[in-house]
Amino acid sequence: PITITEGLADNYIFSYSAGTLTINKAEQSITWEQDLSVLHVGDQLKLTAVASSGLPVIFQSLNSSIAEVNSTNTEYYLGCIEEGKAQIVAIQEGNNNYNAAQRIIKDLVIEKLYVRGDANGDGVVNMDDVTFVTNIILGTEDAIDAADVNKDGEIGMPDVMFIVNYIKNGKFPDE
């Protein structure tokens with residue numbers, strides 16, 4: 001119980017009467033201004049939402065096969081595992097003094113990072129890409145945008161030569 005006694009003031013007269021003091025939990029909100037619109041497979045970044053109460057915010061992935069959330073002590077990190085769509089939730093459940101905050105959900109689209117010359121999409125530029133583009137020219141592989149290495153709008157022998165030049169010299173002819 002809280003007991004109040006002996007209040008003094010020149011301008012006031014205090015009278016005390018028994019009663020019940022009720023303290024309600026305070027409201028809180030989460031602010032999460034982080035831009036998660038451009039993400040690529042392999043990206044990792046620290047998640048940075050904050051609660052107005054100062055209490056820690058936790059994060060969860062709603063599709064952990066696409067994007068996972070890991071924590072170290074009070075810091076949370078997003079790991080982009082593979083191409084696709086996912087959602088990340090910021091949560092603050094409250095405590096004895098604060099109600100739970102309204103959760104914030106962010107939609108993510110994780111894309112595969114395009115590597116110029118990597119026509120077959122395996123993450124490296126090598127002779128397999130030359131073979132892949134050659135097969136597109138011969139009609140045994142379906143054409144994809146990544147095979148247009150020289151960006152002339154067509155897939156042909158110049159694209160093969162761009163890849164060979166990169167493998168041989170470490171740069172493309174137009175660099």
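The values are calculated or read from the model by the stated rules, or taken from the named source; none is laboratory data. Since the structure is predicted, the reported quantities are computational estimates derived from the model, not experimental observations. Ideal geometry is used to build each Cβ from the backbone, glycine not excepted, and the neighbour counts take in all protein chains shown. Note: areas computed on protein heavy atoms with side chains; ligands, DNA, RNA excluded. Shrake-Rupley method; radii C 1.70, N 1.55, O 1.52, S 1.80 Å.
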Check your understanding: What number goes with the only condition from (1) closer than 30 Å to Ile23 by Cβ; (2) open to solvent by 60 Å² or more (accessible area, probe 1.4 Å); (3) in contact with a Ser or Thr (Cβ under 9 Å, 6 or more places away or on another chain); (4) not hydrophobic (A, V, I, L, M, F, W, C) that Glu93 does not pass?
Key -> (3)
Review point. Is one or more of the residues making up the range 116-130 modelled with pLDDT under 90 and acidic (Asp, Glu)?
Key: yes
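With the condition kept exactly as written, say whether any residue in the range 46-54 is open to solvent by 40 Å² or more (accessible area, probe 1.4 Å) and within 11 Å of the chain's Cα centre (by Cα). Quick ask: steps written out before the conclusion?
As a first pass, look at the range 46-54 and keep what is open to solvent by 40 Å² or more (accessible area, probe 1.4 Å): 46, 48, 50, 52, 54.
Filter once more, keeping what is within 11 Å of the chain's Cα centre (by Cα): 46, 48.
There is at least one residue in the range 46-54 that is open to solvent by 40 Å² or more (accessible area, probe 1.4 Å) and within 11 Å of the chain's Cα centre (by Cα).
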Practice item. Tell me which residues, restricted to the range 1-45, are open to solvent by 70 Å² or more (accessible area, probe 1.4 Å), within 24 Å of the chain's Cα centre (by Cα) and of a type outside the set (Asp, Glu). Key: Ser37, Val38, Gln44
Revision key, fill the gap. Checked against (1) assigned to a loop (DSSP other than H, G, I, E, B); (2) without any contact (Cβ under 8 Å) to a residue 60 or more places away in the chain; (3) surrounded by 17 or more Cβ atoms within 10 Å (Cβ to Cβ), Ala143 satisfies every condition except (3)
Practice item. Could you pull out the residue among Glu111, Glu93 that is acidic (Asp, Glu), modelled with pLDDT under 95 and in contact with a Leu (Cβ under 9 Å, 6 or more places away or on another chain)? Key: Glu111
Study note, to complete from the structure: Here the residues within the range 1-29 that are in contact with a strand residue (DSSP E or B) (Cβ under 8 Å, 6 or more places away or on another chain) and small (Gly, Ala, Ser) are Ala26, Ser29
Study note, to complete from the structure: Selection from the range 36-62 of residues part of a loop (DSSP other than H, G, I, E, B) and closer than 15 Å to Glu111 by Cβ yields Leu36, Ser37, Val38, Val41, Gly42, Asp43
